[in-house]
Amino acid sequence: MDTFKLAQLISKRKESDKLYLEFLKVSDLSMGLYVLPVGGVDPQSPHTEDEVYYVVSGKAQIQVADEDRTVQTGSIVYVEKNVEHRFHSIEEELTVIVFFAPAEYSNKK
């Protein structure tokens, strides 16, 4: 069994100086912590796996295909594999837990 503390993940991600910190990876699932600053740019492109985003804190917009929605603390967003999506108009630093199923890059060819 693995357990994680959000405060420790936030600290570790900050020390890495990267936007994304993967903290769990098994064959059928991976999880990471994604942080985007106010006014930041989300550089991601579509993934080959389904994703779920859980917004821990912050406020922004997310565009998924042709649809735009506001996300904020407590929002949960499902994005189907291979669908264009990105966060934008980040008003408050966005801290998001990301779930990939199967694990990220499992389906990449």
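Any read-out appearing in this document is the output of simple, stated calculations on the displayed coordinates, not a laboratory observation. For clarity, every value in this text was computed on a predicted model and none was experimentally measured. Ideal geometry is used to build each Cβ from the backbone, glycine not excepted, and the neighbour counts take in all protein chains shown.
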Among Gly39, Val52, Gln63 - extreme Cα towards positive end, dipole of segment 1-68, charges at beta-carbon:
Gly39
Cross-link candidates for Lys108: which lysines have Cα within less than 23 Å, leaving aside residues fewer than 8 places away along the same chain?
Lys18, Lys25, Lys81
Of the chain, which part is the longest with no GluC sites (Glu not before Pro) in a loop (DSSP not H, G, I, E, B) and with at most 16 other C-beta atoms within 10 angstrom?
1-79
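May I ask for the Rg/Rh ratio of the chain, computed from Cα atoms with Rh as the Kirkwood radius, given to two decimals? Before the final figure, lay out the partial values.
Values: Rg = 13.3 Å, Rh = 14.1 Å.
For the chain, the value is 0.94.
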At 222 nm, what value in deg cm²/dmol follows for the chain if DSSP H runs of at least 4 each add -39500 (n - 2.57) and the sum is divided by all its residues, to the nearest 500?
-3000 deg cm²/dmol
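How high is the relative contact order of the chain, in percent, with contacts defined as C-alpha pairs under 8 Å that are six or more residues apart? Working shown, then result.
Working: 248 pairs, mean separation 37.0, N = 109.
Over the chain, the number comes to 34 percent.
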May I ask you to list the trypsin sites (Lys or Arg not before Pro) in segment 1-31 that are in a DSSP loop and have at most 13 other Cβ atoms within 10 Å of their Cβ?
Lys5, Lys18
How long are the semi-axes of the equivalent ellipsoid of segment 50-109, defined as square roots of 5 times the Cα gyration tensor eigenvalues? Whole Å, largest first.
21, 13, 9
